[in-house]
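A short worksheet on the structure shown next.
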Amino acid sequence: MIEGYINKGNANMWKGLESVGGKLYLTKENLIHVPHRLNFQSEKYSVALSDIDSIEFYNTLKIMPNGLIVILKNGEEKKFVVNGRKKWKREIENLL
C-alpha cells in the first residue's frame, strides 16, 4: 500500500510484450506502478518525478484514447494504459 498519494487508479504498464495489470500511484516525488499478484512480472516500478522529462498520449488499439507515455530524461519511454489520462497528465506535469 502506498501512502500519501495524490492520484491512484487501475493501470496496465507495458513491460516488454506483457501488459502488466495493477495500480498506478502518483505521490509528490514518484510515479509508482504496483502489479497485481497474478502477473508473471510482479516487480513494483517506481520513477522519481525529477527523472521525468515529459508526458504524451497514445491510443491503444488505434482507437482507445487511454495510453500515457512517460518520457524519462535518459530517453526511456514507459507506457501505461489508464482511465482519465488527461487528469493523470495534468497532475504529473503540475509536479514536474
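Rule-based calculations on the coordinates, nothing more; no lab input. Keep in mind that this is a model prediction, so the values were computed, not measured. Reconstructed Cβ throughout: ideal geometry from the backbone, glycine too, with neighbour counts over all protein chains shown.
Between Lys62, Lys79, Lys15, the residue with the greatest mean-square fluctuation in the GNM of the chain (Cα pairs under 10 Å linked by springs) is Lys62. Simple point charges give the picture: +1 on the Cβ of Lys and Arg, -1 on the Cβ of Asp and Glu, and for the range 7-95 a dipole about the Cα centre of about 380 debye. A straight Cα-to-Cα reach below 14 Å connects Lys23 with the aspartates and glutamates Glu3, Glu43, residues fewer than 8 places away in its own chain not being considered. Amide H contacts under 5 Å for Thr60: Asn66, Gly67, restricted to partners 5 or more places along the chain or on a different chain, H placed in the peptide plane at 1.01 Å from N.
For Lys15, the residues 5 or more places off, or on other chains, whose built amide H falls under 5 Å of its own are Val20.
Consider the candidate values [x] 2, 12, 18, 16, 13, 11, 9, 7, 6, 4, 2, 0; [y] 2, 12, 22, 22, 19, 15, 6, 1; [z] 3, 14, 26, 28, 20, 9, 1; state which one is P(r) over Cα pairs in 5 Å bins from 0, in percent computed from the structure displayed. It is the value labelled [z]. Dividing the helix sum by the residues of the chain, where each DSSP H run of 4 or more adds -39500 (n - 2.57), gives a mean residue ellipticity at 222 nm of -3500 deg cm²/dmol. In sequence order, the range 22-30 has phi-based couplings of x, 10, 10, 10, 10, 10, 5, 10, 9 Hz under the Karplus curve 6.51 cos²θ - 1.76 cosθ + 1.60, θ = phi - 60°, and Gly or Pro positions carry x.
Per-residue Cβ neighbour counts within 10 Å put Arg37, Arg90, Arg85 in the sequence Arg37, Arg90, Arg85, beginning with the fewest. For Lys23, the residues whose modelled amide H falls within less than 5 Å of its own, excluding neighbours fewer than 5 places apart on the same chain, are Ala11, Val34, His36. Applying the Karplus relation 6.51 cos²θ - 1.76 cosθ + 1.60 with θ = phi - 60° to the range 51-63 yields 3J(HN,Hα) values of 8, 8, 8, 7, 10, 10, 9, 8, 9, 7, 6, 6, 10 Hz, where x marks Gly and Pro.
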